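FYI, it's all coordinate maths here, none of it is from the lab. What you are looking at is a predicted structure, and each value in this text was computed from that prediction instead of being measured. Reconstructed Cβ throughout: ideal geometry from the backbone, glycine too, with neighbour counts over all protein chains shown.
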Amino acid sequence: MQVISFMNMKGGVGKTTLAVNVAYGLAYFHKLNVLIVDGDPQFNASQYLLSTKAYIQHLGDPKKGTLKEIFMPKKPGSVNTVTGAAKPTDKSKMSLGACTCSIFDGGPGRGKLDLIPSTLSLIEIETSKRGTESKLKNYLNEKATAYDYVIIDCPPTISIFTQAAILASHKYLVPIKPDPLSIVGLPLLERWLEEYSDDAGIAIKKVGLVFTLVRGPLPGAMRDAMDDLRKNRKSEVFNHFLSQATDVAKSVDRHEPVFLYNSNCKAARQIREITSEFVART
């Protein structure tokens, strides 16, 4: 099992789009068992992969859990009318199946994709006691070992959820929009990652940088930014990139990856290329 976080401290760079499509591509094209963890209280990955009806049904099922239950497992149980005592329910003991939604299942040996959804109420965890950030790592190490990859879609902020993702991850990938404002934050992200991982006593490796939301025809400033990063970062930058495309936006509304929404579009080909390069790099 490899746990890999998709991270960028700047929002609006196509991070969730890339994470969802690569995770789906690993299962669909490469026949791997993949778990995607929606690590953001804004639950964008959950909205991408689940219809509103399916998402609400999962949240409303008392036998089901989300990422919130992994961080805050103990909830008050029913009160015993004889003793007056309330026995807490420990949702950390729930099976992984209870905390996941099946997104794609190709059958035995043919790949599958599962999702641990997030919820807006996850924000209540932000002020939790020290040590809460280790719970995701412990949960995945105990319950998710049957997966080839675990992809964590991180929030675009430094928070307890970002810390939890780093502690749980072996590697990280940075989706980056090639414009000066997005690129300027890259050294800040890397410095924070280095300091936090050093303090935590862990080693996390970089998979690389993937250009996203690349417009065509390519504006001069965007082309210069891409050229500069390729020159200065060399092998860190993926050879393939993801364009800004209406097919991608439409695939979100259909709750499916772009290569299933329109297998012949340019973005579908790009996702296949990025996913294959991702496999080669990891």
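Values as computed for the structure displayed
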| item | result |
| --- | --- |
| DSSP beta bridges in the chain [antiparallel fraction, %, rounded to 5] | 20 percent |
| Dipole moment magnitude, nearest 20 debye, the chain about Cα centre, only Lys, Arg, Asp, Glu C-beta charged | 420 debye |
| In region 9-69, trypsin sites (Lys or Arg not before Pro) in a DSSP loop with at most 14 other beta-carbon atoms within 10 Å | K31, K63 |
| Among L193, L173, G131 - extreme Cα towards positive end, dipole of region 114-227, charges at beta-carbon | L173 |
| The chain: calculated mean residue ellipticity at 222 nm from DSSP helix runs of at least 4, using -39500 (n - 2.57) | -11500 deg cm²/dmol |
| Quarter of Cα convex hull surface for region 227-274, i.e. mean projection, nm² | 3.7 nm² |
| Inter-label distance, nm, simple model (7 Å from Cα along the C-beta direction), E126/T246 | 3.7 nm |
| Under the span-like rule (Cα at least 15 Å along the axis, Kyte-Doolittle mean at least -1.0), DSSP H helices of the chain | 15-28, 186-200, 266-281 |
| Radius of gyration and Dmax over the Cα atoms of region 198-282, both given in Å | 15.3, 47 |
| Kirkwood Rh and Cα Rg combined as Rg/Rh, region 1-73 | 0.97 |
| More than 26 Å apart - percent of Cα-Cα pairs taken over the chain | 42 percent |
